[in-house]
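See below for the structure under consideration.
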Amino acid sequence: MAETVDTGRNERMEEEMNALYESTVKNLQEGGIIKGKVLDITDDGVIVDVGLKSEGKVPLHEFSLEKDGKPKVKIGDTIEVMIVGREKEFGFLILSKQKADTVRLWEKIHRSLEKGEPIDGEVISEVKGGFLIDIGIKAYLPLSHADKKPVKNPSSFVGRRLKFRVIKIDSKKNSVILSRKLYLIEEAERKRREFWKNAREGDVLYGMVKRIMEDGAFIDLDGVSGFLPTDEISWGRISHPREYLRTGDEVKVKIIQLDREQEKVKLSIKQLKPDPWLKVEEKYPKGSKVKGKVVSITDYGAFVELEKGVEGLLHVSEMSWERNLTNPRKIVSLGQIIDLQVLDVDKEKRRISLSLKRLLPDPWEVIEKKYPPGSVVTGKIKNFTDFGIFVGLEGGIDGLVHLSEITWSKRKIPFSQMFKRGQTVSAVVLKVDREQKKFSLSIKRVSKVDPWNGISERYKSGDVIEGYVTSIVDFGIFVEIEDGVEGLVHVSQMDGLKGKKPSDLFKIDEKLKVRILSIDEKSKKIALSLKAQNGE
């Protein structure tokens, strides 16, 4: 009796289970989607466990294929399916992955329209006024919605996989219209808000060079534009950003200033590395020997790069021992690598003073020993001044011949008439001042020590000679008869004065014939006459 009761109870439970199963299958056939686990893959289908009494089967052709032709599914995968029927012979549930995918696709399409969620798609082809997009179904993208700016080359879009926003659905025609422009605008705004919410000074980011100008470059920080000034590109010398940047380059930058009110971002590349001037005193101590590259030449010297971001000034006065060097380009050239000595380092003012000549022997030490006073040197005339002539000597040293040491003559003859630039002359050394870097010379003392010596042997009283007027005074005129030797023609020895002054009759440098009246070699006096010369 008990067995009969249990058997009846089991039969009722089985009937209830079957009824529940049938009800579940019926409900799912009305559009429900369930998840299942792939148990096996056969020649014509994929066997799926959907958690019900019977397993289901998805036709193999509903799966997309890999490149090798095999379906994109494997045992153990979890997939979404829809029940569309049941086989009569074996009782298998007939499943469809495509129908489940279609339902999910339309859900996604409606979410994109209603909530603004982006949707992926591939541009299939160009059509009139726009493009066909594969988003699981064919959708239409108007050309005006393809980008934020006008599209110049539509064919470049074909084959690209992009993100879009659904802007219109026609349920009757199952058509969908997309906009990439709207997605880009919304995405840019989202990124902008996200940036200003999270950005902090000191943040290090990657960006793309968008536009280059003389004073800097604009960097696209994934939707937010930052400005990179030229002087923030490198610690080294830079004349134009194009030396370092090209449009489209990806660059690593550091945020150094944020203006949230104006939404401005100032960037730096150089501050990603330590300031090289922080340890400049340790690396380049005073008196040390360094090597550098000439990067700029000015009238007052040259700037030498010791390393990226560290430059020193080689002043023109430190290029050569030559006293009057005025053109640095005679010594150095752009790009030249030279050895130098550090004279001074000022880390606060970011200045380093350099010297080239200090690594060379000081020619003044040689000159002082080689040419004692009284010795004779030879050099070329380099320059004329109001106070004398500079003569170029060895080692770049110039010697000065003062105007009083050029000639014994008292005549005021311009140097340019007596000498020419580049002319080789000999001179007697008067003095070498090593401390003041002065070298005093005399040209007139090379040939004669004193022109008055032996004057009474060269001339006699009564001789008629020619000379030049060198000075005019009230009591007469002085006439030079040879370099450095003058005689006086007193007014008493002139004709035709009759109330006039000597200056009314004679001119400086005028050539005259005079007669010697007397010679006093010891007193260095010679009396001359114009009357006696005329026979009176």
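Just so you know, all these numbers are worked out from the coordinates, no wet-lab data involved. Keep in mind the model is a prediction, meaning the values are calculated, not measured. Glycine gets a Cβ as well: all are built from the backbone with ideal geometry, and neighbour counts include every protein chain shown.
In segment 470-536, which chymotrypsin sites (Phe, Trp or Tyr not before Pro) fall in coil by DSSP and have 12 or fewer other Cβ atoms within 10 Å? Spell out each step's value before the answer.
Details: sites: Phe475, Phe478, Phe506; in loops: Phe475, Phe506.
Those that pass, being in a loop and sparsely packed, are Phe475.
For segment 184-230, taking Cα atoms only, what is the radius of gyration to one decimal and the Dmax to the nearest whole Å?
Reported Rg and Dmax, both Å: 11.5, 33.
Report the chymotrypsin sites (Phe, Trp or Tyr not before Pro) located in segment 386-427 that are in a DSSP loop and have at most 15 other Cβ atoms inside 10 Å of their Cβ, or state none. Walk me through the numbers before you get to the answer.
Values: sites: Phe387, Phe390, Trp408, Phe415, Phe419; in loops: Phe387, Trp408, Phe419.
Taking segment 386-427 and a limit of 15 other Cβ atoms within 10 Å, the loop chymotrypsin sites (Phe, Trp or Tyr not before Pro) found are Phe387.
Take the eigenvalues of the Cα gyration tensor for segment 363-447, scale each by 5, and report the square roots as semi-axes in whole Å, largest first.
The equivalent ellipsoid of segment 363-447 has semi-axes of 21, 13, 11 Å.
Using the structure shown, list the pairs from Lys181/Lys266; Lys35/Lys168; Lys191/Lys270; Lys197/Lys266; Lys35/Lys163; Lys115/Lys168 with a Cα-Cα distance above 20 Å, or answer none.
Numbers: Lys181/Lys266 28 Å; Lys35/Lys168 30 Å; Lys191/Lys270 26 Å; Lys197/Lys266 17 Å; Lys35/Lys163 27 Å; Lys115/Lys168 13 Å.
In this structure, Lys181/Lys266; Lys35/Lys168; Lys191/Lys270; Lys35/Lys163 lie more than 20 Å apart at Cα.
Given the convex hull of the Cα atoms of segment 439-536, what is a quarter of its surface area in nm²? Intermediate values should be presented prior to the final figure.
On the way: hull surface 29.7 nm².
Projected area, direction-averaged: 7.4 nm².
For segment 195-253, which trypsin sites (Lys or Arg not before Pro) pass both filters: DSSP loop (anything but H, G, I, E, B) and at most 15 other C-beta atoms within 10 Å? Walk me through the numbers on the way to the answer.
Working: sites: Lys197, Arg200, Lys210, Arg211, Arg237, Arg242, Arg246, Lys252; in loops: Arg200, Arg237, Arg246.
Taking segment 195-253 and a limit of 15 other Cβ atoms within 10 Å, the loop trypsin sites (Lys or Arg not before Pro) found are Arg200, Arg237, Arg246.
Using the alpha carbons of segment 105-167, what is the convex hull volume per residue in cubic angstrom, as a whole number? Working shown, then result.
Values: hull volume 4.8 nm³, N = 63.
Spread over its residues, the Cα hull of segment 105-167 gives 76 Å³ apiece.
Along each principal axis of its Cα atoms, how long is segment 277-359 end to end? Whole angstroms, biggest number first, please.
Computed over the Cα atoms, the extents are 35, 21, 21 Å.
Setting aside same-chain residues fewer than 8 positions from Lys173, which lysines have a Cα under 16 Å from its Cα?
Qualifying lysines at Cα under 16 Å: Lys138.
I'm a student and want to see the number: the projected area of the Cα convex hull of segment 204-344, averaged over all directions, in nm².
Details: hull surface 41.3 nm².
The orientation-averaged projected area of the Cα hull of segment 204-344 comes to 10.3 nm².
Check the straight Cα-Cα distances from Lys289 and name the lysines below 19 Å, setting aside those fewer than 8 residues away within the same chain.
Within the straight-line cut-off, Lys289 pairs with Lys279, Lys308, Lys347, Lys357.
What is the mean projected area of the alpha carbon convex hull for segment 86-136, to one decimal in square nanometres? Each step should come with its number before you reach the end.
Values: hull surface 22.9 nm².
That works out to 5.7 nm², a quarter of the Cα hull's surface.
State the label only: which of (i) 4, 18, 28, 27, 16, 6, 2, 0, 0; (ii) 3, 10, 11, 11, 9, 8, 8, 7, 7, 6, 5, 4, 3, 3, 2, 1, 1, 0, 0, 0; (iii) 3, 14, 20, 21, 17, 12, 8, 4, 1, 0 corresponds to P(r) over Cα pairs in 10 Å bins from 0, in percent computed from the shown model?
The listed entry that was calculated here is (ii).
With every atom except the alpha carbons ignored, what do you get for Rg and Dmax of segment 199-272, in angstroms?
Using the Cα atoms of segment 199-272, the pair Rg, Dmax is 11.2, 33 Å.
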